[in-house]
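Take a look at the structure set out below.
The values are calculated or read from the model by the stated rules, or taken from the named source; none is laboratory data. Being a predicted model, the structure only gives us computed values, none of them experimental. Heads up, the Cβs are rebuilt from the backbone with ideal geometry, glycines too, and the neighbour counts pull from every protein chain shown. Just the protein is used for accessible areas: all its heavy atoms, side chains included, with ligands, DNA and RNA removed. Shrake-Rupley method; radii C 1.70, N 1.55, O 1.52, S 1.80 Å.
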Amino acid sequence: MDTPLARELADLASRRKALSKVKVSFDGDTRIFTVSNQKGGVGKTTTTVNLASALAELGARVLVIDLDPQGNASTALSVTHTAETASIYDVLINDQPFGEIVQPSPESPNLFCAPSTIHLAGAEIELVSQVAREFRLRRALEIYLRENPKDVVIIDCPPSLGLLTINAFTAATEVLIPIQCEYYALEGLSQLLGNIQMIQKHLNPELTLSTILLTMYDARTRLAQQVSDEVRAHFPQQILDAVIPRSVRVSEAPSFGQTVIAYDGTSAGAVAYREAAVEIAQRGQQSAQNKGA
């Protein structure tokens, strides 16, 4: 039947079929993303864990660093993060080696997580007195990656520009910004771009804004389309074609300690995150080829 629902289901089936034929490789340098947006509730953690899972499914060795004291990324990846667990706090404050805190996620043999615990809530204050406080994550991560190579590292940040987020920016090579398709989402974007430029100038000249992903997209509203058009006009090179729709399945998955990729891999949300992961991987391939040429 030619109804909106039938067309939507046919489109979803077609996209799933296209994804099943995709082949990507991860031959270049380790790509280190920080997922950042000072506005809360835009899907930072959801984007972090679902992209990580989708990239792992494509064959990438992926490490998620949970730098948010709430520990939601650790929960979604079914990684232990009780108060007694060795965590990213111990790396930043106590100089514990990264390899001693990284845990495999039961979701995929390619997926690993450096968990966050409640102790991280006080790390902002404790970092102030530390030597080279802005570079502690970067230096620990560099040592770990030399001994334990990964294709992709994704850092989930808290929704603020404190020392934790600055450590993430300093450790990363790329910034991924999830943008909620609502008016207020655009207001904080210019401030975030200013902060990225400040980090580039003073702490990490290698940092680039490489990826923007539209989240919570509701095709029924004119506002979502307007936000999409405006972001695409200003950032045509960075924005992904893939758009993450509002999805009940995406919201439900963390309560089962899973990403939506594992919870319901055929749902619209899972397909959208898989498409975004493929785009990110293909851009990395293209960039590696350009460097080789």
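Filtering L5, L19, L9 for residues that are at pLDDT below 80 and over 21 Å from E187 (Cα atoms) leaves a single hit, L5. Only one of the numbered conditions (1) under 27 Å from A270 (Cβ atoms); (2) open to solvent by 40 Å² or more (accessible area, probe 1.4 Å) is violated by H202, and that is (1).
Residues that are under 26 Å from A281 (Cβ atoms) and part of a helix (DSSP H, G or I) occur in segment 120-137; there is at least one. Screening D241 on (1) free of Cβ contacts under 8 Å to residues at least 60 places away in the same chain; (2) buried (at least 17 other Cβ atoms within 10 Å of the Cβ) shows it passes everything except condition (2).
For (1) under 19 Å from F169 (Cα atoms); (2) touching a residue at least 40 places away in the same chain (Cβ under 8 Å); (3) charged (D, E, K, R), each residue gets a yes or a no:
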site	(1), (2), (3)
L58	no, yes, no
T75	no, yes, no
V79	no, no, no
L92	yes, yes, no
F98	yes, yes, no
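Residues considered: L207, L193, L213, L223. Of these, the only one that is surrounded by fewer than 19 Cβ atoms within 10 Å (Cβ to Cβ) and either under 21 Å from F33 (Cα atoms) or of a type in the set (D, E) (or both) is L193.
With respect to the conditions (1) part of a loop (DSSP other than H, G, I, E, B); (2) at pLDDT 95 or above; (3) not small (G, A, S), T80 falls short on a single one, namely (2). Given the options S74, S14, name the one that is assigned to a helix (DSSP H, G or I), small (G, A, S), farther than 30 Å from G194 by Cβ and modelled with pLDDT of 90 or more. Going through S74, S14 in turn, the sole match is S74. Would you check if there is a residue in segment 77-98 being in contact with a helix residue (DSSP H, G or I) (Cβ under 7 Å, 6 or more places away or on another chain), within 19 Å of Q282 (Cβ to Cβ) and open to solvent by 20 Å² or more (accessible area, probe 1.4 Å)? The answer is no; no qualifying residue exists. Scanning segment 243-293 for residues that are of a type in the set (F, W, Y) and at pLDDT 90 or above returns Y263, Y273. Any chance segment 174-196 includes a residue that's part of a helix (DSSP H, G or I), farther than 30 Å from E8 by Cβ and among the charged types (D, E, K, R)? Yes, there is a match, as at least one residue in segment 174-196 is part of a helix (DSSP H, G or I), farther than 30 Å from E8 by Cβ and among the charged types (D, E, K, R). Given the condition under 20 Å from P245 (Cβ atoms) and open to solvent by less than 50 Å² (accessible area, probe 1.4 Å), answer yes or no: does some residue in segment 56-69 qualify? No, segment 56-69 has no match at all. Taking the conditions (1) crowded, with 18+ Cβ neighbours inside 10 Å; (2) in a loop (DSSP other than H, G, I, E, B) in turn, P236 satisfies each one other than (1). Filtered by the rule that a residue be within 19 Å of the chain's Cα centre (by Cα) and open to solvent by 20 Å² or more (accessible area, probe 1.4 Å), segment 175-185 gives no residues. For segment 250-278, residues that are buried (at least 16 other Cβ atoms within 10 Å of the Cβ), in a helix (DSSP H, G or I) and among the acidic types (D, E) total 1.
The residue that is least open to solvent (accessible area, probe 1.4 Å), among those in segment 160-173 that are part of a loop (DSSP other than H, G, I, E, B) and among the small types (G, A, S), is A172. Of the residues that sit in segment 29-60 and are basic (K, R) and not in a helix (DSSP H, G or I), which one is farthest from Y184 (Cα to Cα)? Among those that are basic (K, R) and not in a helix (DSSP H, G or I), it is R31.
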